[in-house]
Each structure stands twice: as C-alpha cells, then as structure tokens.
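Data first, discussion second: the structure below is written as structure tokens.
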Amino acid sequence: MVESVRVAVIGSGPAGLYSAEALVKQSGGNVRVDVLDRLPTPYGLVRYGVAPDHTSIKSIARYLQRVLEDGAVRFLGCVELGVDLTRDDLLSCYDAVVYATGAMVDRRLGVPGEDLPGSVAATDFVNWYCGHPDAADHEFDLSVADVAVIGVGNVAVDVVRILAKTADELRATDVPQHALDALAASRVRRVHLIGRRGPAQAKFTTKEARELGQLPAAEIYLDPADLDADPADAELAEADRHVRGNLKVLAGWTAEPAGDRPRRIDVRFWRSPVEILGADRVEGLRLERTRPDGAGRVVGTGEYETLPAGMVLRSVGYQSVPLQGVPFDDRASVIPNDGGRVLGADGAPVPREYVAGWIKRGPSGVVGTNKSDAAETVANLLADLDKDPSPAPARTPDEVFAERGLEPVTYDGWLALDAAEAALARTLSRGDRVKLGHWQAMRDACS
Ligand SMILES: Cc1cc2nc3c(=O)[nH]c(=O)nc-3n(C[C@H](O)[C@H](O)[C@H](O)COP(=O)(O)OP(=O)(O)OC[C@H]3O[C@@H](n4cnc5c(N)ncnc54)[C@H](O)[C@@H]3O)c2cc1C
C-alpha cells in the first residue's frame, strides 16, 4: 500500500466527499486529503440543488459530514481553482489531484428571444431559492400570471413545485428569507410544464411526478390526447417499470380540474419551443407541435401555438465548465478520462490527475451514483501511486496558500456558519435552518 501521501480533492459535493471517504478507506488510512471548494460551505448540490422541501434527501449531508470529520480530511473553503490557485500550484504540493467540480451551467435552447428579460435558466432560479451566494442579487418577476417551464426532468418538476407551492408550505424549509418573501408575494397563477417528446420519454421519476399531483394549493391537468398520442407507449410501459409508473401517475391528471385552487399546473407534451416572444421582456412562448416518428424520435408537425407566459424557465440539462489548464472534452462537456484517470490530448493518462462525479461522466444519476463512481476513480489513483510513487512535492499546501495570500475557511468556520443559520431559523420561527445567501454574511458568519 502507498506510503502516506497528500491528495487534493477539488469540490466538496457528493463526488468530492465520496472520493475523500474512499481515499481514507481504500488506503487503510495512509492518505491525507484536502477537500477544496470555491464556496465556504460543503456538500455542493446537496445544499444548492436538491429542493428545499426534499428534506430527507438533504439529510445525506449528515452522512457526508462524517467524512469531513475524519482526522485525515481537511475542508478548505473559499478556494477556487482557476481563480485563487492554479493547476500547477496543486501539482506542486499534492501527490495527486481529483477534480470533482460538478456541472453547474445550464444548456441553452438555441431559439430566438432566449436572451429577453424573463427568459431564465432553471440553474439560476434553483440557485436563488437554494440561497447560493452567486444568485443573491438575482431578481425574478413573479408578478406575472403564467410561467412556462421547459423540460420534463426532475429539476423542471422541482421548479414547478416551488412555483406552485404557497409560501406557508415553504416556511419551514431553509429557503433564504429574501427568496421566501418574493415567493410569498408571487402572483403566478398557472405553470406550464412542457416536454418536446411524449409522456413515455419523460425523465422525471415517478415519485417526483406523484408529488406534483398532490399539492394542496395547485390543481394539475394533462390533455388525454397527449397521453394517448403514441401507440408504442403500451409496449414501452410493459417493458419498463419507470415508464409504467409515470404513465399511471399521468393518467390521474386527465380530468379537467374544478378550478377551485389558487394555482394550476398544465402539463403539455409533444411541443417544441421555437421562439420566446416579447418586445422588451418575455410575453409568450411559441411552440411547434411534435409527433412520434415511429423510430423513437419526434418530428415537427408544422402546427404552431402560442402560450401566454411572463417568464420562461429552461431546464434542458446541465453541463460542466472547463477548469483552467485541465484537459476538457468540449463536445461531451466532461474531463476526458478512463475510469477516472484524466486523459491528455494524446489519449494517454496524465500522471497524478483524476476526476469524479458529474464532471467525469456528465450530469446524470442520483447523489448515491457518485459513490461507486468515486470509488472507481480512487481505486485507480491508489493503484497508480502504488506502482509509480510521485516524487515528494516541492512545497506543502499551506506554504502555497500563504504564498497566494489565501486564508481558506476551515471546517470549524463552516460549523460557525451552520450554527448561524440554525440561529436565524429560531429567530424567524422557521424550521431548522434558514440559509444565509449573501457572500459577505456567509464570510462574516464563518469568522
Ligand atoms: C437542481 C438539482 C436537484 C437535484 N436533486 C436531486 C435529488 O433530489 N436527489 C438526488 O439524488 N440527486 C439530485 N440531484 C443530483 C445530485 O445533486 C448530483 O448527482 C450531485 O450533486 C453531483 O455531485 P458532484 O459532486 O459531481 O457535483 P456538485 O454537487 O455540483 O459539487 C461540485 C462542487 O464543486 C465546487 N466547485 C466548482 N467549481 C470549483 C472550482 N473551480 N474550484 C473549487 N470548487 C469548485 C462547487 O462549489 C461544488 O461544491 C440534483 C441535481 C440538481 C442540479
């Protein structure tokens, strides 16, 4: 087994923390791990993606916390690779580096009108209601009556649910107070959930769909014609439990609602956005009807319709961004790798550099998927170091941080912020935590 080595993990989301855990466990305690994050807070999308009303999934943070409390692991917040430190800095003071920086940029629709005010990436809206400090100053015009959400994955469903819930239903969650106040003042009456393909291709999980149909303040409707449009669905449902479950839930939404609740969700399949309309800001969404082509894809029918919409939220996928100096596959938006070993331009592994999580395999899977993914990366990393130990690093990480004038937020700093958020929740009589969503307030709380 490798002698004591020092590894940097960049990113403290699930992939980074599962990597740190695997490094400690698989090495038999011979590795010291620094987990660096650009934020003062650990847990990545568990804190800033998983919806605030999904508290049981958020509790994964309690498991990940144990990783940070291992004596061999240090958390170092407010250190951004590419801004505060370079790749060369890392390679000069660590034996190996694992990149686990996730995928936090939205994909675009590529239609006219996409840059109008009121056309919004779901990423930004999610960041805002999750209290991500980069989104603290974002403003969304919730005085509009109709909102269109494009995409039929779990993130789109999260966004629809947050828009359709009342502020009272969200009060006990950790949504920052400025976002809760804005949601409380929302005049949104109708939310359209729009899919380019059919119900059998919807990516959302059956559990998320079921939850959407059970909101006390919102009724839900799906045109039965949308549900029955593809004769191939019955066969797909027979073969696939996920499809079967989704179709069963969707079939429960086809009765015209009574109209006696404050909000309404309209689910629309077989519609492709072709233009976001409006002079100075979003006023509507032009859609082309689609139909199955018989080969598992859809084609446009040449029939168009216009939805009134004061806000259009796109949720058609996430992608990673390149890290300064690190190989990147622009097409797949991942770091090219073989089992987590970073590959250079010649296709050969680059010594001492590894990758885990969404930036390794793309934005797919649930939190737990990152555990086996990280275990694979770490097994390869340790095997490589065992076979070919790295030369002793020229400097220690702390020397490099000092040289760069960095004072990383420590785990104790994060605990102080954690306590400040719990105290704020008590002051506001709101649940277990209310997030501090501004950089300065977060930094102050850490110190
Ligand atoms: C909106 C949303 C909701 C989701 N809901 C669920 C759910 O309910 N259940 C579920 O199982 N899964 C859910 N997921 C999926 C789950 O969150 C991901 O599988 C998981 O977070 C991916 O882990 P990761 O570590 O690769 O990336 P991330 O969680 O994104 O972590 C990456 C970390 O890297 C840091 N970082 C980025 N760039 C740098 C840099 N240059 N320098 C230093 N640090 C950097 C970031 O600050 C972040 O902390 C959701 C995803 C999204 C987007």
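A few notes on this one:
- Segment 347-406, subset of a type outside the set (D, E, K, R) and part of a strand (DSSP E or B), residue nearest to the ligand (Cβ to nearest atom): Val355
- Residues that are among the aliphatic types (A, V, I, L, M) and closer than 23 Å to Pro199 by Cα, drawn from segment 256-291: Ile265, Val267, Val274, Leu285, Leu287
- Cross-chain or 6+ apart pairs with Cβ under 6 Å, segment 215-233 first and open to solvent by less than 50 Å² (accessible area, probe 1.4 Å), then assigned to a strand (DSSP E or B): Ala217/Arg263; Ala218/Arg263; Ala218/Ile265; Glu219/Arg264; Ile220/Ile265; Tyr221/Asp266; Leu222/Val267; Asp230/Pro292
- If the condition is being aliphatic (A, V, I, L, M) and either more than 18 Å from the chain's Cα centre (by Cα) or surrounded by 24 or more Cβ atoms within 10 Å (Cβ to Cβ) (or both), then segment 350-366 contributes Val350, Val355, Ala356, Ile359.
- Screening Cys446 with (1) assigned by TED's automatic domain parsing to the domain that holds Arg47; (2) touching a Leu at 6+ places or on another chain (Cβ under 8 Å) gives one miss only, at (1).
Conditions tested, residue by residue: (1) assigned to a loop (DSSP other than H, G, I, E, B); (2) crowded, with 22+ Cβ neighbours inside 10 Å; (3) small (Gly, Ala, Ser).
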residue	(1), (2), (3)
Arg108	yes, no, no
Pro112	yes, no, no
Pro117	yes, no, no
Asn127	no, no, no
Asp137	yes, no, no
Asp141	yes, no, no
Val144	yes, no, no
Val155	no, yes, no
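- Every pair of residues 6+ apart whose Cβ atoms lie under 6 Å, when the first sits in segment 367-379 and is open to solvent by 50 Å² or more (accessible area, probe 1.4 Å) while the second is within 14 Å of the ligand (Cβ to nearest atom): Lys371/Tyr18; Glu376/Gly340
- Residue check for Arg433: closer than 28 Å to Pro133 by Cα and either modelled with pLDDT under 95 or basic (Lys, Arg) (or both): yes
- Some residue of segment 312-329 being away from the ligand (no atom under 15 Å from the Cβ) and loosely packed, with under 15 Cβ neighbours inside 10 Å: yes
- Among the residues of this structure, Val98 counts as one that is of a type in the set (Val, Ile, Thr) and more than 9 Å from the ligand (Cβ to nearest atom).
- Residue check, Val97 assigned to a loop (DSSP other than H, G, I, E, B) and closer than 23 Å to Tyr411 by Cβ: no
- Residue check, Ala72 near the ligand (Cβ under 8 Å from one of its atoms) and closer than 20 Å to Ala20 by Cβ: no
- Taken over segment 21-38, the criterion of being surrounded by fewer than 23 Cβ atoms within 10 Å (Cβ to Cβ) and near the ligand (Cβ under 7 Å from one of its atoms) is satisfied by Arg38 alone.
- Residue count for segment 296-346, restricted to those that are charged (D, E, K, R), more than 20 Å from the chain's Cα centre (by Cα) and not assigned by TED's automatic domain parsing to the domain that holds Gly365: 3
- Top-ranked residue in segment 311-336 [being touching a residue at least 40 places away in the same chain (Cβ under 8 Å) and not in a loop (DSSP other than H, G, I, E, B); ranked as nearest to Ala145 (Cα to Cα)]: Met311
- Qualifying residue in segment 426-446 (condition: closer than 20 Å to Val73 by Cβ and of a type outside the set (Lys, Arg)): yes
- Helices (runs of 4 or more DSSP H) (entirely within segment 1-73) containing at least 1 residues that are within 15 Å of Ala356 (Cβ to Cβ): 14-26, 44-48, 60-68
- Residues of segment 229-249 classified as in a helix (DSSP H, G or I) and within 23 Å of Ala295 (Cα to Cα), total: 14
- Which listed residue is touching a His at 6+ places or on another chain (Cβ under 6 Å) and buried (at least 17 other Cβ atoms within 10 Å of the Cβ), from Tyr94, Tyr18, Tyr48: Tyr48
The values are calculated or read from the model by the stated rules, or taken from the named source; none is laboratory data. Computed from a prediction, not measured in an experiment: that's the story for all the values here. A quick note on method: Cβ atoms are made from the backbone with ideal geometry, for glycine too, and the neighbour counts reach across all protein chains shown. In case anyone asks, the SASA skips ligands and DNA or RNA and just uses the protein heavy atoms, side chains included. Shrake-Rupley method; radii C 1.70, N 1.55, O 1.52, S 1.80 Å.
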